[in-house]
Amino acid sequence: MTKRRTYIPLNRNFYTVKRSSAGLGLFAAQDIPARACIIEYVGRKLSEKEEYTITSQYLFEVTAKITIDGKARSNTARYINHSCCGNSEPTIYKKRVWIFSKRRIPAGTEITYDYGREFWKEYIKPKGCKCEKCHTTRVKDI
C-alpha cells in the first residue's frame, strides 16, 4: 500500500533563495526528505485572453482553462530553476500546483525540476541549458 501524499508545504526554514548558475535559485537550507511537499507555486489566475498576450515566463498551466502567473516575488517557488534531471517535480492537485521532492535533497543543494518540453524548446534551447547535468556534459565534451 502506498502512502497518501500530504499537501502541506514544508516550513520556510527548509529553503532559501540564493545565487545559482542560472541567476537566483531556491536551495535546501536543511535536508529535505524524499516525497516531501516543499512549496506551493502560487500566483494570479489569468483570463483566457491574458494567456495568449502576457509575456511572463512564470506561467504554469494548471488546466486547459486555468493558468497561473507566478511572476510576483512573493511566489518563492518561482525561484526553482529548470534541470533536465531535477530533484523535485510539480504536482497539480485540486487546481493548485505543489512541488514535491523526488528524493532526499541535502542541505545546500539547489531545488530544481524539469520545466517540460514546450518551455525548454521556446526559452532554454536557444540560450543553452544551464542545468548541472547539461553543463557537466558540455565540460566533459570540450
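The values are calculated or read from the model by the stated rules, or taken from the named source; none is laboratory data. None of these values were measured; they are calculated from a predicted model. In this analysis, Cβ positions are derived from the backbone assuming ideal geometry, glycine residues included, and neighbour counts consider all displayed protein chains.
Some notes on this structure:
- Residues located in segment 95-142, provided they are among the β-branched types (Val, Ile, Thr), more than 13 Å from Ala22 (Cα to Cα) and at pLDDT 75 or above: Val97, Ile99, Ile105, Thr109
- Being farther than 16 Å from Gln57 by Cα, among the acidic types (Asp, Glu) and surrounded by 16 or more Cβ atoms within 10 Å (Cβ to Cβ) is a property that holds for Glu110.
- Hits in segment 108-129 (condition: among the aliphatic types (A, V, I, L, M) and within 14 Å of Asn87 (Cβ to Cβ)): Ile111
- Residue match in segment 7-30 (condition: in a loop (DSSP other than H, G, I, E, B), surrounded by fewer than 15 Cβ atoms within 10 Å (Cβ to Cβ) and free of Cβ contacts under 8 Å to residues at least 24 places away in the same chain): yes
- Selected residue [at pLDDT 95 or above, assigned to a strand (DSSP E or B), in contact with a strand residue (DSSP E or B) (Cβ under 7 Å, 6 or more places away or on another chain) and not charged (D, E, K, R)] from Ile92, Ile38: Ile38
Residues are listed down the side, and each one gets a yes or a no for (1) free of Cβ contacts under 8 Å to residues at least 40 places away in the same chain; (2) within 27 Å of Lys130 (Cβ to Cβ); (3) within 14 Å of the chain's Cα centre (by Cα):
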| site | (1), (2), (3) |
| --- | --- |
| Tyr41 | no, yes, yes |
| Ser47 | yes, no, no |
| Thr67 | yes, yes, no |
| Thr76 | no, yes, yes |
| Tyr79 | no, yes, yes |
| His82 | no, yes, yes |
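- Test: residue in segment 116-129 that is surrounded by 15 or more Cβ atoms within 10 Å (Cβ to Cβ) and assigned to a loop (DSSP other than H, G, I, E, B): yes
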